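Engineer: The structure that follows is given in the form of structure tokens.
The values are calculated or read from the model by the stated rules, or taken from the named source; none is laboratory data. The structure displayed is predicted, hence computed values, not measured ones. Cβ placement follows ideal geometry from the backbone for every residue including glycine, while neighbour counts extend to all protein chains displayed. What goes into the accessible areas is simple: the full protein's heavy atoms, side chains included, and nothing from ligands, DNA or RNA. Shrake-Rupley method; radii C 1.70, N 1.55, O 1.52, S 1.80 Å.
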Amino acid sequence: MKRLTVSILIMLMATTSFAISNQQLSDSLDLWAGFNLGCVPKVKVTHIKVKRDFIWVYTNKTLSGLSLSDRDVRQLRLKVSMWVRGDAQGKVTIYSENDELGDLITHRLRSRSLSDCYTIPNARRMGKALTNQHIALWASHGIYYNQDEDRWKAQRATMWSTVEDVYTTDYAELVSQCLERAGANVYSPRARYGRDSAATDIGLSGYPRWTEGARYWLEYTNVPDSIWQPRPAANDNPNYFTNDSVRKDYLDDLRSRGNWVNWLNQQVPITLAIALHTDGYSQAGDSTTIGTLAIYSPENRYHHQSFSNGTSRIVNRDLADYVQTQVVEDIRAAYCPTWSRRQLHSAGYCESKYTEVPSVLLEILSHKQFADIQFGLNPRFRHDVARAIYKGIGRWIHSQVNTPFVVQPLAVQRMAVRVTDQQLHLTWQATSDTLEPTAEPTYFVIEMRQNGGEWQEVAQTKKCTYSFTPKHGVRYDMRVVAANEGGLSENSETLSAFIASDEAPLALIINAFDTVRAPRWFADSTFAGIVPRSYSIPDGEDGIFIGDQCEYNRALDWVSDDDCGWGMCYRDQLGLRQIGNTHDYPARHGVVLANMGISYVSANIHALDTIDSVYTLVDVVCGKEQRPLPSFVQHYQSIGGRLLVSGAYIGTVPNASANGLVQTPAMETTLQVFSNRPNDTRLCAEDCHAFAPKKEQTVLARFADSGLPACVRLHNTLLWAVPIDCFESFESILHYSYEEITHP
């Protein structure tokens, strides 16, 4: 008896010496999980239960937001055993609310049986791409009518020259295009600009329809009113539908989207739905990113945890994990190694709770956090994030049926058109994707249009060259699309060529303008934001710019969406499209040359290493490129070649004009207007660098307000300090410039 008492006492002493409080275990779990963001709730241990070798730990839902592997769960159980018992011998069970962590191991990291996977419609027909998949996708929110305030307004704060309501439309369009190039059919409850014919029409709000919420587009397109004016179901919380008349349109917009997916699913088999959002979390630190959050619903509005086919709605979590993982990994690889991965957040949001197909809400970044939005206003970043979302969707779909997924190629580069032996030779270079080994192209599609007509496919080839015999007097615009089993790349830039006759002089148009970029930023301890009169260069065009930043004071906090403090911007440009780098300058300039009877070919500057003296003139289009021209351009100039160079940054004196007016006394119209603010017509040049006056130069044009030289001639070279494409009288200025250097 005495020996037994001593043994029990020793056991009790051992247990006591290794005891851990709920708070201590909470802190340890937080540290293990790496939760250091204020927007991620802390782990809270509510109860620890120990019985012999068995340990049960009960926590709040925070741990369920992790993307976990078998190894992660095993390691955590060992650690908890060490923390609680002092050894790794305990048999540990960890609950995050009602879920045991072992049940939350993601499909991405542990294969499920096919019976646990979602049945993918048309799976046998999609190949290694997404052919015949039907996907519902939309941008968040949108302009809506606020009954209480009796006005139309954005649903989120206007900050950093944009607002979530239109900012996310760019992601939605880019992801949709990726999916469509992979063979999928994409459906949206909001208007898609440049794809729905009425998208740019003015809607009820007084803004274009593409800016408005889904509720109005669904009404406009004759979707049944039970979809865009949803009523409560038997199991809905009545408080959620009662006394909401003040925010009626706001709530109708959110509820209508899931209802629309279910209505659409009755007509075509929808594979999945995805909503693209940004959120308004922020915390101190310019270098701290809030990062990417994925939201899913484990049950529907009737509290069912399975879809109608019997599959558990846990596949929503798997879908969320695939997409979030791909986005975070690609951002870390290409832009920000410390990009924050937030939770896989289980929540009953309408956009996922109402849908009866797998669905996810993706909060891509924080539109309020300074560190996030500096990336977010970069068109390249948005392009790459959209590609990551497409890849995440594709990988999830193929994982459900255990088939390989091939990623579509990137666009080709280093294109050139040359003429030899009365033939035109188009060449290019494939672009390797360092993030995706499957994205290599296996063949190329050549598309062409004649005299500005419709684009047509003219050939497919496995080589990086295509030759043909042109007809005299016909302008040929050309582009190349890379392809593989995963689908098609984006279109290449557009090159152009024209042969007037065998005797006509030959010109070369060089596209030296490749850049797309975010606006410039500044920061000090008191003020920070977008440099005044610094605008992004969209890739093609976009609609995210709504006005200049107007509040730079860091100390001003958010009060309301209408008074959002630091970062607040004007909204005078909301709903307008902004032209950026259209990648078609050889075709645009070539029209003028052809009208003058001058033959021409064209090339991207990176496809050249010399300029042949055979050309009667060379037109170098610099646009808003800031990189110096290669030495072979100066060599061509030094041997007496006739050279036209135009660009905003080829001069040396910055901020040469505030009013966008150029005096041109030698031209028929003596005052020329160029765009120096974002607009939907042409590229804007907000910061033209004038030429420093020099005796050996002939000044042909001056900025009207500063008087500094805007166009100078030096021997056979003509230089414009404004991208010629920015002028309202683009064709006449280009014609004048060509005449000036060909007929001195």
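Engineer: Going residue by residue through the range 535-549, is there one that turns out to be touching a Lys or Arg at 6+ places or on another chain (Cβ under 6 Å) and either open to solvent by 20 Å² or more (accessible area, probe 1.4 Å) or polar (S, T, N, Q) (or both)?
Structural biologist: Start the filter on the range 535-549 by keeping residues that are touching a Lys or Arg at 6+ places or on another chain (Cβ under 6 Å), which leaves 537, 541, 543, 546-547.
This time we only want the ones that are either open to solvent by 20 Å² or more (accessible area, probe 1.4 Å) or polar (S, T, N, Q) (or both), so: 541.
Checked the range 535-549: at least one residue is touching a Lys or Arg at 6+ places or on another chain (Cβ under 6 Å) and either open to solvent by 20 Å² or more (accessible area, probe 1.4 Å) or polar (S, T, N, Q) (or both).
Engineer: When the residues of the range 333-387 are filtered to those that are part of a helix (DSSP H, G or I) and charged (D, E, K, R), which remaining residue is surrounded by the fewest Cβ atoms within 10 Å (Cβ to Cβ)? Give the steps one after another, and end with the answer.
Structural biologist: We begin by selecting, within the range 333-387, every residue part of a helix (DSSP H, G or I); these are 333-334, 350-353, 370-376, 379-387.
Right, trim to charged (D, E, K, R) and you get 351, 353, 372, 380, 382, 384, 387.
Details: E351: 25, K353: 21, D372: 26, R380: 15, R382: 26, D384: 19, R387: 25.
By that ranking, first place goes to R380.
Engineer: Can you find even one residue in the range 364-378 that is touching a helix residue (DSSP H, G or I) at 6+ places or on another chain (Cβ under 7 Å), of a type outside the set (K, R), farther than 29 Å from A483 by Cα and modelled with pLDDT under 95?
Structural biologist: no
Engineer: Residues Y466, Y476, Y443: which one is at pLDDT 95 or above, touching a strand residue (DSSP E or B) at 6+ places or on another chain (Cβ under 6 Å), more than 28 Å from R125 (Cα to Cα) and open to solvent by 20 Å² or more (accessible area, probe 1.4 Å)? Write out each step before concluding.
Structural biologist: Working: Y476 fails: open to solvent by 20 Å² or more (accessible area, probe 1.4 Å); Y443 fails: more than 28 Å from R125 (Cα to Cα).
The conditions single out Y466.
Engineer: Something else about it: Starting from residues that are farther than 19 Å from L488 by Cβ and not in a strand (DSSP E or B), keep the ones in the range 410-426 and report whichever is most open to solvent (accessible area, probe 1.4 Å).
Structural biologist: Selected residue: D421.
Engineer: Which of the residues that make up the range 362-372 are touching a Phe, Trp or Tyr at 6+ places or on another chain (Cβ under 8 Å) and under 28 Å from L272 (Cβ atoms)?
Structural biologist: I364, L365, S366, H367
Engineer: Give just the number: which of (1) closer than 30 Å to A658 by Cβ; (2) in contact with an Asp or Glu (Cβ under 8 Å, 6 or more places away or on another chain); (3) assigned to a strand (DSSP E or B) does I509 not satisfy?
Structural biologist: With respect to (1) closer than 30 Å to A658 by Cβ; (2) in contact with an Asp or Glu (Cβ under 8 Å, 6 or more places away or on another chain); (3) assigned to a strand (DSSP E or B), I509 is out only on (1).
Engineer: I'd like to check something: does the range 300-316 contain any residue that is open to solvent by 10 Å² or more (accessible area, probe 1.4 Å), on the phi < 0 side of the Ramachandran plot and assigned to a strand (DSSP E or B)?
Structural biologist: Checked against the condition, which is being open to solvent by 10 Å² or more (accessible area, probe 1.4 Å), on the phi < 0 side of the Ramachandran plot and assigned to a strand (DSSP E or B), the range 300-316 yields at least one hit.
Engineer: Still on this model: Considering only the range 584-604, I want to know if a residue exists there that is out of contact with any Ser or Thr (no Cβ under 9 Å at 6 or more places or on another chain), surrounded by fewer than 21 Cβ atoms within 10 Å (Cβ to Cβ), closer than 24 Å to G213 by Cα and not small (G, A, S).
Structural biologist: no
Engineer: Filter the range 396-409 down to the residues that are part of a helix (DSSP H, G or I) and surrounded by fewer than 17 Cβ atoms within 10 Å (Cβ to Cβ) and list them by number. Break it down into steps so the answer makes sense when it comes.
Structural biologist: Looking only at the range 396-409, we keep the residues that are part of a helix (DSSP H, G or I), and these are 396-401.
Within the range 396-409, just V401 meets the criteria.
Engineer: Moving on to the next point. So in the range 207-244, with the set limited to residues that are modelled with pLDDT under 95 and of a type in the set (D, E, K, R), which one is most open to solvent (accessible area, probe 1.4 Å)?
Structural biologist: Residue satisfying both the conditions and the ranking: R231.
Engineer: Do we find that E551 is under 18 Å from the mean Cα position of the chain (by Cα), under 27 Å from A685 (Cα atoms) and in a loop (DSSP other than H, G, I, E, B) in this structure?
Structural biologist: Details: under 18 Å from the mean Cα position of the chain (by Cα): no; under 27 Å from A685 (Cα atoms): yes; in a loop (DSSP other than H, G, I, E, B): yes.
No; evaluated as a whole, the condition is false for this residue.
Engineer: Same structure, new question: Which residue, of D609, D619, D557, is on the phi < 0 side of the Ramachandran plot, without any contact (Cβ under 8 Å) to a residue 12 or more places away in the chain and more than 24 Å from the chain's Cα centre (by Cα)? First the steps, then the outcome.
Structural biologist: Values: D609 fails: without any contact (Cβ under 8 Å) to a residue 12 or more places away in the chain; D619 fails: without any contact (Cβ under 8 Å) to a residue 12 or more places away in the chain.
D557 is the lone residue from the list that is on the phi < 0 side of the Ramachandran plot, without any contact (Cβ under 8 Å) to a residue 12 or more places away in the chain and more than 24 Å from the chain's Cα centre (by Cα).
Engineer: Taking only pairs six or more apart or across chains, which ones have beta-carbon atoms under 8 Å, a first residue in the range 486-506 that is within 21 Å of T469 (Cβ to Cβ), and a second residue that is open to solvent by 20 Å² or more (accessible area, probe 1.4 Å) and among the aromatic types (F, W, Y)?
Structural biologist: L506/Y615
Engineer: Just to be sure I understand, how many residues within the range 210-233 are among the charged types (D, E, K, R) and in contact with a helix residue (DSSP H, G or I) (Cβ under 6 Å, 6 or more places away or on another chain)? Working first, answer last.
Structural biologist: Of all residues in the range 210-233, those among the charged types (D, E, K, R) come to 212, 215, 219, 225, 231.
Restricting the remaining residues to those that are in contact with a helix residue (DSSP H, G or I) (Cβ under 6 Å, 6 or more places away or on another chain) gives 215, 219.
Result for the range 210-233: 2.
Engineer: Output the qualifying pairs, or none if there are none: Cβ atoms under 8 angstrom, residues six or more apart or on different chains, first residue in the range 370-389 and at negative phi and of a type in the set (D, E), second residue open to solvent by 10 Å² or more (accessible area, probe 1.4 Å) and at pLDDT 95 or above.
Structural biologist: Once the first residue is at negative phi and of a type in the set (D, E) and sits in the range 370-389, its partners that are open to solvent by 10 Å² or more (accessible area, probe 1.4 Å) and at pLDDT 95 or above give D384/D330; D384/A334; D384/Y335.
Engineer: May I ask you to list the residues in the range 560-573 that are at pLDDT below 95 and loosely packed, with under 11 Cβ neighbours inside 10 Å?
Structural biologist: The answer is S560, and nothing else.
Engineer: So, one more: Could you list all residues from the range 427-465 that are in a loop (DSSP other than H, G, I, E, B), within 12 Å of V481 (Cα to Cα) and free of Cβ contacts under 8 Å to residues at least 24 places away in the same chain?
Structural biologist: Let us first name the residues in the range 427-465 that are in a loop (DSSP other than H, G, I, E, B), namely 430-436, 440-442, 451-455, 462-464.
Going one step further and asking which of them are within 12 Å of V481 (Cα to Cα), we end up with 430-431, 441-442, 462, 464.
Within the range 427-465, K462 is the sole residue that qualifies.
Engineer: Regarding L76, is this residue open to solvent by less than 10 Å² (accessible area, probe 1.4 Å), free of Cβ contacts under 8 Å to residues at least 60 places away in the same chain and not hydroxyl-bearing (S, T, Y)?
Structural biologist: Numbers: open to solvent by less than 10 Å² (accessible area, probe 1.4 Å): yes; free of Cβ contacts under 8 Å to residues at least 60 places away in the same chain: yes; not hydroxyl-bearing (S, T, Y): yes.
So L76 passes the test.
Engineer: Having 2 or more residues that are crowded, with 20+ Cβ neighbours inside 10 Å, at pLDDT 95 or above and among the acidic types (D, E) is the bar; report the strands (runs of 3 or more DSSP E) wholly within the range 669-744 that clear it. Outline the logic, then answer.
Structural biologist: Numbers: elements: 671-673, 698-703, 709-714, 717-720.
In the range 669-744, no matching strands (runs of 3 or more DSSP E) lie anywhere.
Engineer: So, in the range 153-206, exactly how many residues are touching a strand residue (DSSP E or B) at 6+ places or on another chain (Cβ under 7 Å), in a helix (DSSP H, G or I) and open to solvent by less than 20 Å² (accessible area, probe 1.4 Å)?
Structural biologist: 11
Engineer: Which ranges mark the strands (runs of 3 or more DSSP E) fully within the range 26-116 that have 1 or more residues being over 34 Å from the mean Cα position of the chain (by Cα) and within 21 Å of N316 (Cα to Cα)? Talk me through it step by step, then tell me what you get.
Structural biologist: Working: elements: 45-51, 54-59, 91-96.
Here the list reads 91-96.
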